[in-house]
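To keep things clear, I will list the structure first and then write my remarks on it.
What follows is calculated from the coordinates using simple rules that are stated; it is not laboratory data. Keep in mind that what you see is a predicted model, and the values were worked out from it rather than measured. A quick note on method: Cβ atoms are made from the backbone with ideal geometry, for glycine too, and the neighbour counts reach across all protein chains shown.
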Amino acid sequence: MKDLSWIKNDLIAHRGLHHKDQSIPENSLLAFQNALEHGYTIEFDVNVLKDGTVVSFHDFNFKRLCNDSRLLSDVTYPEIKDLKLLNTKQHIPKLKEVLDLVNNQVPLLIELKPYGNVLFLCQSFMETMKDYQGDYAVFSFHPKVVKWFKKNHPDVIRGQISEYFKDYKDMSPLSKRLMKKMFFNRFTKPDFVSYGIYDMPNKYLDKLKEKGIPIISYAARSQAQYDFVKSHYDNAVFEFFIPKKNEQP
């Protein structure tokens, strides 16, 4: 039996406990250390490089965080190991570095960012995770990632991320409709759902709630937003503030 209680109840720091002024960058070892010191569960993103190295990084290129326009899929780790995040001393960490730092101290909520080959990403990720003994869950926007875990590692907690995709100009209306309704859940059978905070509440989530599926949100940036999600569903990852737990019936 999978234990999802921590996903529903823990305080979960979005991309680690990073700072709005960027002095502690998102998805950095410093952000993860900061979260550990507060006892928070850690949410973070992973991508895979050309050489199969899995790194903690959100975007498909390095432009926003490192002022480098190369794509992650075009480089190896030795080629980017000296890049610094947001003009700090923090480098782009390998997933293995994150696991060594956390060392089972808190659960990990790990988003797989499928910018390229889904199979390569999932296989590389699980190769890195194979000896990790701590609590963790995976989730992704891409139903193929969720399906891969259902087929190949059904013991791993898996989640589907979704929203209404209002700002996705390159996404077809059909894709938006299928994704916001979480149409593919009938095939991928996610253990939980993470939904965009500005598209809550909605009838799709309410149906899942009736079925007992845990529902969380991204990303609360104030106590009011955090309490709003908790009043309707289970939990919200947070950033740029320290939430107070508001236990709802």
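Output the relative contact order of the chain, whole-number percent, from Cα pairs under 8 angstrom with separation of 6+ residues.
Working: 469 pairs, mean separation 42.6, N = 249.
Rounded, it is 17 percent for the chain.
Among F32, F62, which comes first, then next, by fewest other beta-carbon atoms within 10 Å? Please report the intermediate quantities before stating the final value.
Values: F32 27, F62 19.
Listing F32, F62 from fewest to most nearby Cβ atoms yields F62, F32.
Select from S172, S23, S73 the residue whose mean-square fluctuation is largest in a Gaussian network model of the chain (Cα-Cα springs shorter than 10 Å).
Greatest mean-square fluctuation among the candidates belongs to S172.
Pick the calculated P(r) over Cα pairs in 10 Å bins from 0, in percent for this structure from (i) 8, 33, 34, 20, 6, 0; (ii) 7, 32, 39, 21, 2, 0; (iii) 7, 27, 32, 21, 9, 3, 0?
Label (ii) holds the value from this structure.
What trypsin sites (Lys or Arg not before Pro) in segment 12-75 are in a loop by DSSP, with at most 12 other Cβ atoms within 10 Å of the Cβ?
On the way: sites: R15, K20, K50, K63, R64, R70; in loops: R15, K20, K50.
Counting only loop positions with at most 12 other Cβ atoms within 10 Å, the trypsin sites (Lys or Arg not before Pro) in segment 12-75 are K20.
Can you sort M129, M200 by how many other beta carbons sit within 10 Å, fewest first? List each step's numbers first, then the result.
Working: M129 20, M200 17.
Sorted ascending by nearby Cβ count, the order is M200, M129.
Report the Cα-based extents of segment 196-248 along its three principal axes, largest first, to the nearest Å.
31, 21, 13
Using the Cα atoms as the points, what is the convex hull volume per residue of segment 161-249 in Å³?
Working: hull volume 9.0 nm³, N = 89.
Value for segment 161-249: 101 Å³ per residue.
Could you list which residues have their amide H under 5 Å from that of A219, counting only those 5 or more apart in sequence or on another chain, with H placed in the peptide plane?
I197
Starting at the first residue of segment 205-212, write each ³J(HN,Hα) from the Karplus equation 6.51 cos²θ - 1.76 cosθ + 1.60 with θ = phi - 60°, in whole Hz, x for Gly and Pro.
6, 4, 5, 5, 4, 4, 8, x
Where a Cα-Cα gap under 16 Å defines reach, which lysines qualify for K63, not counting those fewer than 8 residues away within the same chain?
Straight-line reach from K63, under 16 Å: K81, K84.
Read phi for every residue in segment 54-59 and hand back ³J(HN,Hα) as whole Hz from Karplus 6.51 cos²θ - 1.76 cosθ + 1.60, θ = phi - 60°, with x for Gly and Pro.
For segment 54-59, the Karplus curve yields 8, 10, 8, 6, 8, 8 Hz.
Subtracting the Cα-Cα distance from 0.36 nm times the residue separation, let me have the gained length for D167 to S5 in nm, one decimal.
Numbers: separation 162, 0.36 × 162 = 58.32 nm, distance 3.22 nm.
Difference between extended and current length: 55.1 nm.
For R158, R221, which order do you get if you count the other beta carbons within 10 Å of each Cβ and list the fewest first?
Values: R158 24, R221 15.
Placing the least packed residue first, the sequence is R221, R158.
Tell me which trypsin sites (Lys or Arg not before Pro) from segment 118-152 have a DSSP coil assignment and no more than 10 other beta carbons within 10 Å of their own.
Working: sites: K130, K144, K147, K150, K151; in loops: K130.
Answer by residue number: K130.
Show me, for segment 182-199, the HN-Hα J-couplings you get by feeding each phi into the Karplus relation (A = 6.51, B = -1.76, C = 1.60, θ = phi - 60°), rounded to Hz, glycine and proline as x.
After applying 6.51 cos²θ - 1.76 cosθ + 1.60, I find 6, 4, 6, 4, 5, 9, 8, 6, x, 7, 8, 10, 10, 10, x, 5, 7, 10 Hz.
What's the extension gain from F120 to N67 if we count 0.36 nm per residue and subtract their Cα-Cα distance? List each step's numbers first, then the result.
Details: separation 53, 0.36 × 53 = 19.08 nm, distance 2.62 nm.
Length gained, F120 through N67: 16.5 nm.
Need the list of aspartates and glutamates near K203 for cross-linking: C-alpha distance under 17 angstrom, and skip anything on the same chain fewer than eight residues off.
Hits, sequence-local ones excluded: E163, D234.
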